1. Only one of Ser279, Ser295 is closer than 24 Å to Thr361 by Cα, modelled with pLDDT under 75 and either surrounded by 17 or more Cβ atoms within 10 Å (Cβ to Cβ) or in contact with an Asp or Glu (Cβ under 9 Å, 6 or more places away or on another chain) (or both). Can you tell me which?
2. Anything in the range 139-159 that is farther than 23 Å from Ala188 by Cβ and modelled with pLDDT of 90 or more? List them, or say none.
3. Among the residues of the range 1-38, which ones are assigned to a helix (DSSP H, G or I), surrounded by fewer than 19 Cβ atoms within 10 Å (Cβ to Cβ) and modelled with pLDDT under 90?
4. Given the options Leu285, Leu244, Leu294, name the one that is more than 28 Å from Val122 (Cα to Cα) and not in a helix (DSSP H, G or I).
5. Going through the range 171-201 one residue at a time, which ones are among the β-branched types (Val, Ile, Thr) and touching a residue at least 24 places away in the same chain (Cβ under 8 Å)?
Amino acid sequence: MPALSHIHVFMFGWAFYIAMPLLVGYFGLFEQFASVESIATYFEGSEPLWTMLLLYAALMPCAFYVGSRMARWWRRMPPLIVSLHLQAWSLFVVYAVLLMLFTMAAKDLLFQGYAEGVDSSVVGPIATLQMVLLFQYLVSRAAGLTHAKRALGLLLVLTSVVLLGMGGRLYVVSTLVAMYFYWWKWVAEDSAARLRSVKWALFAPLVLALMGMWRVGALDATAFGFYLFAEPLYTSISAVSFFLGGSWHWVDTPTDFFLAFVNVIPAFVWPGKVDVVTSLSDAGLNFESPFGALSIITSSVGNFGYAGGLVFVGTVGMVFGWAERNATSPLMRAFYCFLVALLPFLFFRDPFQVQVKLVATGFLLLALNWALTLPAASRKRLPRLVRGR
């Protein structure tokens with residue numbers, strides 16, 4: 001089996017959210033399916049603008065790959081070999097208390113289905129806690145802290161149940177992606193074990209489709225194929241309408257991207273931050289997003305412009321290449337897998353406010369774990385990493 005990297009995960013997300021829906025729309029296949037015929041009008045536009053859109057989509061993997069390869073020019077960091085036992089248990093207590101408080105605040109939303117208009121101030125902290133717990137679980141697993149791994153794993157399962165009860169399935173799926181990625185690279189015994197696991201990875205999209213059908217109350221077997229690809233089709237509407245609307249530029253000022261960093265500040269520190277954080281919808285750009293999701297094409301070109309957007313995608317690839325190159329210790333392995341968790345779904349369909357917050361959270365967790373480490377332990381050099389089963 002080939003070595004798995006962030007490039008493969010990127011290509012999966014690109015094929016699912018970018019290539020497939022654009023090709024379906026470009027060749028007019030919507031008319032053949034009554035379930036998606038209603039969105040065909042979003043995909044009607046002039047050929048030159050379609051050409052520019054398809055060219056940008058085709059250049060995205062190239063930019064990501066080139067950026068990832070450029071990271072090899074950087075010198076490797078010294079391995080962050082540190083003692084992680086103390087902070088694993090200290091943070092476990094903090095996270096357990098936070099989960100209890102967040103769950104109590106969201107008790108009226110639990111297991112009420114996938115209702116629209118759910119308050120993000122209630123769901124957001126739980127989703128963030130899910131990703132925080134994922135990072136700490138991976139750190140404990142990579143460091144071989146068996147008891148801490150089990151305790152943090154239990155919290156992760158409980159948080160996943162709460163999120164699923166409120167419709168936050170993408171965060172749960174992203175967690176599974178990170179855990180599967182870690183297992184494939186550093187735990188699997190051989191290629192045969194990896195090959196056997198592929199059937200479960202292929203089974204995951206089927207589960208997502210069933211959850212999507214449950215979300216809208218349409219448990220109809222005849223519509224299963226549509227719901228398997230509904231999300232990327234609906235997400236692509238923002239990209240197609242944006243490009244065919246002609247409001248994009250070659251180079252633009254990333255106001256939305258920079259203001260997204262304000263979203264990293266906790267609400268209890270800055271209660272009025274929601275009045276400062278804006279979205280592309282407020283920028284006067286000509287695009288539509290009737291189902292909420294925002295394509296990475298719209299986010300990148302709307303912020304940085306056509307050429308600048310490709311530079312941004314290349315920069316993202318460089319960050320991933322840097323993280324992979326330095327994944328030589330438990331902390332950096334956890335950080336790398338944490339970033340990979342964001343790649344196949346959240347990167348391609350969530351606005352920058354969400355993406356920036358999660359990536360910044362990963363860097364802050366890396367710094368926090370390092371800061372909590374005993375100074376003496378940071379001088380130790382271990383010959384190899386624990387396999388981290």
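1. Going through Ser279, Ser295 in turn, just one is closer than 24 Å to Thr361 by Cα, modelled with pLDDT under 75 and either surrounded by 17 or more Cβ atoms within 10 Å (Cβ to Cβ) or in contact with an Asp or Glu (Cβ under 9 Å, 6 or more places away or on another chain) (or both): Ser279.
2. Ala151, Leu154, Leu155, Leu158, Thr159 - these are the residues of the range 139-159 that are farther than 23 Å from Ala188 by Cβ and modelled with pLDDT of 90 or more.
3. The answer is Leu23, Tyr26, Leu29, Glu31, Gln32, Glu37, Ser38.
4. On the way: Leu244 fails: not in a helix (DSSP H, G or I); Leu294 fails: more than 28 Å from Val122 (Cα to Cα).
Exactly one residue qualifies, and that residue is Leu285.
5. The initial filter retains those residues of the range 171-201 that are among the β-branched types (Val, Ile, Thr), namely 172-173, 175, 177, 187, 198.
Passing the criteria: Val172, Val173, Thr175, Val177, Val187.
The values are calculated or read from the model by the stated rules, or taken from the named source; none is laboratory data. None of these values were measured; they are calculated from a predicted model. Every residue, glycine as well, gets a Cβ built from its backbone with ideal geometry; the counts of neighbours run over all protein chains shown.
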